[in-house]
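Chemist: The structure that follows is given in the form of structure tokens.
The values are calculated or read from the model by the stated rules, or taken from the named source; none is laboratory data. Remember, it's a predicted structure, so these values are computed and weren't measured experimentally. Because the Cβ atoms are built from the backbone with ideal geometry, glycine has one as well, and the counts that use them run over all protein chains shown. These accessible areas exclude ligands, DNA and RNA; they are computed on the full protein's heavy atoms, side chains included. Shrake-Rupley method; radii C 1.70, N 1.55, O 1.52, S 1.80 Å.
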Amino acid sequence: MTPACPTVTGMRVLVTGAAGFIGSQVVDLLVTEGHQVVCLDALLPQAHGGTLPDWSRRHDPVIGDVRDAELLDRLLPGVDAVCHQAAMVGHGLDPSDAPDYAGHNDYGTAVLLAAMHRAGVSRLVLASSMVVYGEGRYRCDRHGVVRPAPRRPADLAAGRYDPTCPDCSGPLRPDLVPEDAPLEPRSTYAATKLAQEHLAGAWARQTGGGVWALRYHNVYGPRMPRDTPYAGVASIFRSALAAGQPPRVYEDGGQRRDFVHVTDVARANVLALTAPTPDGLVPVNVCSGEPHTIGELAGQLARAMGGPPPQVVGGARAADVRHVTADPRRARELLGYTARVGFVDGVTAFATDPLREPAAVAA
Ligand SMILES: NC(=O)c1ccc[n+]([C@@H]2O[C@H](COP(=O)([O-])OP(=O)(O)OC[C@H]3O[C@@H](n4cnc5c(N)ncnc54)[C@H](O)[C@@H]3O)[C@@H](O)[C@H]2O)c1
Ligand SMILES: [Zn+2]
């Protein structure tokens, strides 16, 4: 395999969330490319049910919490960079989980940043998310780029899923979202992901450190968690098909997303870890650059698994965004990253990829 960056080898990297779906793939790639890893994961019950996945065992992870300052003070000396993947993921069920999201994601990030400052570690790659944008970007033929008003329940109930122009009520075309688009987190999870960026940005200004905030789009691939309320849509479709059921697609299935393979996301992380340290915090979309609809994902996976075709069930939820697809240019220009795994190949392989077993304690 070609190294992500031929000039930088032998870094020592603390990877938080190292037993997770994405963190474990980052760890494997770092090791393959000759770096040393210090793996930290709290094995969150809603993610793991307390068991370490087999693929993480070989890296001898430290089982501990990113909010444990004393533990970080022991792990950080000698570390060149931190790759911060640990988070409580998913969109949440109701406001009762807000303290947990804020605790793991924001207080956890704050404790980590303070410990990095004490240890003199100045390079951070932060796992951020497309959810910081809220709705994607839209263009009206008459008014150019506009921000659509939230979709009205009456429109959704009538099957009018696409947002309209706030100025002329005309149709809008979905466009690619650049990193400088307005930010509008719409869930507790999304709010805590954006707060992570703000905390890391403040840390960078105070310390002179640098942060690549990688805004992943819809990540799928081997090791994705199976069957949890927090699982991504690809995993939910696969579980339905494995049980002989059609994948159930909300709205009309025309929601556009960017599905990016987890091995590409891992490579983006290694490229960011080995790139020159940026000035302050620089957000970067990590995507495939190849938008597809949720209906296409369900259809492709159903074909790959020889299962029943998708069932379009309508039933949009007002908080859901209609389209969000990423502009891939900044990642190419600043990190030399372009996705390698195409949609058909990635989704076909996903039909048989190993998945992480569901947590014993369903949240
Ligand atoms: N999966 C996606 O599509 C996606 C998209 C955008 C962003 N992200 C971000 O990528 C990162 C990794 O997500 P993932 O999909 O691999 O989720 P995951 O649940 O598989 O992995 C997260 C890991 O973090 C660990 N963790 C959580 N809180 C912790 C704490 N306080 N201390 C130590 N470890 C802790 C969990 O035990 C888990 O192993 C997260 O920051 C997530 O917000 C994921
Ligand atoms: Zn208009």
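Chemist: Only one of R139, R160 is more than 25 Å from V284 (Cβ to Cβ), among the charged types (D, E, K, R) and over 25 Å from the mean Cα position of the chain (by Cα). Can you tell me which?
Modeler: Every option except R160 fails the conditions.
Chemist: Please determine whether any residue of region 54-64 is out of contact with any strand residue (DSSP E or B) (no Cβ under 8 Å at 6 or more places or on another chain), hydroxyl-bearing (S, T, Y) and either within 16 Å of ligand 2 (Cβ to nearest atom) or touching a residue at least 12 places away in the same chain (Cβ under 8 Å) (or both).
Modeler: Looking for residues that are out of contact with any strand residue (DSSP E or B) (no Cβ under 8 Å at 6 or more places or on another chain), hydroxyl-bearing (S, T, Y) and either within 16 Å of ligand 2 (Cβ to nearest atom) or touching a residue at least 12 places away in the same chain (Cβ under 8 Å) (or both), one finds none in region 54-64, hence no.
Chemist: Of (1) within 16 Å of ligand 2 (Cβ to nearest atom); (2) modelled with pLDDT of 95 or more, S128 satisfies all except one. Which?
Modeler: Evaluating S128 over (1) within 16 Å of ligand 2 (Cβ to nearest atom); (2) modelled with pLDDT of 95 or more leaves (1) as the failure.
Chemist: Got a sec? Which of R332, R340, R322, R317 is touching a residue at least 12 places away in the same chain (Cβ under 8 Å) and closer than 21 Å to A213 by Cα?
Modeler: Result of the check over R332, R340, R322, R317: R340.
Chemist: Assess whether D106 counts as being under 26 Å from the mean Cα position of the chain (by Cα), surrounded by fewer than 18 Cβ atoms within 10 Å (Cβ to Cβ), under 22 Å from A47 (Cα atoms) and not aromatic (F, W, Y).
Modeler: No; evaluated as a whole, the condition is false for this residue.
Chemist: While we're here: Please specify each residue of region 190-232 satisfying the condition of being hydroxyl-bearing (S, T, Y), within 14 Å of the chain's Cα centre (by Cα) and modelled with pLDDT under 95.
Modeler: If the condition is that a residue be hydroxyl-bearing (S, T, Y), within 14 Å of the chain's Cα centre (by Cα) and modelled with pLDDT under 95, then Y230 is the only one that fits.
Chemist: What is the one condition in (1) small (G, A, S); (2) at pLDDT below 95; (3) open to solvent by less than 60 Å² (accessible area, probe 1.4 Å); (4) away from ligand 1 (no atom under 16 Å from the Cβ) that G92 does not satisfy?
Modeler: (4)
Chemist: Still on this model: Looking at the structure I just gave you, is V79 crowded, with 19+ Cβ neighbours inside 10 Å, within 16 Å of ligand 2 (Cβ to nearest atom) and either free of Cβ contacts under 8 Å to residues at least 24 places away in the same chain or not hydroxyl-bearing (S, T, Y) (or both)?
Modeler: Here the answer is no, as V79 does not meet what is asked.
Chemist: Among strands (runs of 3 or more DSSP E) lying entirely in region 115-233, which contain 2 or more residues that are surrounded by fewer than 21 Cβ atoms within 10 Å (Cβ to Cβ)?
Modeler: Details: elements: 123-129, 137-140, 144-146, 173-177, 210-216, 218-220.
Per the criteria, 137-140, 144-146, 173-177.
Chemist: Here's a follow-up. Tell me, please, whether a residue that is touching a strand residue (DSSP E or B) at 6+ places or on another chain (Cβ under 8 Å) and either farther than 23 Å from G210 by Cβ or more than 16 Å from ligand 2 (Cβ to nearest atom) (or both) can be found in region 95-106. Walk me through it before giving the result.
Modeler: Residues of region 95-106 touching a strand residue (DSSP E or B) at 6+ places or on another chain (Cβ under 8 Å): none.
Among the residues of region 95-106, not one is touching a strand residue (DSSP E or B) at 6+ places or on another chain (Cβ under 8 Å) and either farther than 23 Å from G210 by Cβ or more than 16 Å from ligand 2 (Cβ to nearest atom) (or both), which makes the answer no.
Chemist: Report, ordered by the first and then the second residue, all pairs with beta carbons closer than 7 Å, sequence separation of six or more or different chains, a first member in region 17-37 that is within 14 Å of ligand 1 (Cβ to nearest atom), and a second member that is part of a helix (DSSP H, G or I) and modelled with pLDDT under 95.
Modeler: The qualifying pairs are A18/S56; A19/H48; A19/S56; G20/A47; S24/W55; S24/S56.
Chemist: Name the helices (runs of 4 or more DSSP H) wholly inside region 240-351 in which the number of residues that are under 28 Å from V79 (Cβ atoms), open to solvent by 20 Å² or more (accessible area, probe 1.4 Å) and not hydroxyl-bearing (S, T, Y) is 1 or more.
Modeler: Result: 262-274.
Chemist: Here's another thing I want to ask about it. All but one of (1) touching a residue at least 60 places away in the same chain (Cβ under 8 Å); (2) near ligand 1 (Cβ under 9 Å from one of its atoms); (3) more than 22 Å from L271 (Cβ to Cβ) hold for A87; state the number of the condition that does not hold.
Modeler: (3)
Chemist: What pairs come out if I take residues in region 130-145 that are among the aliphatic types (A, V, I, L, M) and pair them with residues that are assigned to a helix (DSSP H, G or I) whose C-beta lies under 8 Å away, six or more apart or interchain?
Modeler: From region 130-145, the pairs are V131/Y189; V131/A190; V131/K193; V132/A190; V132/K193; V132/L194; V132/E197.
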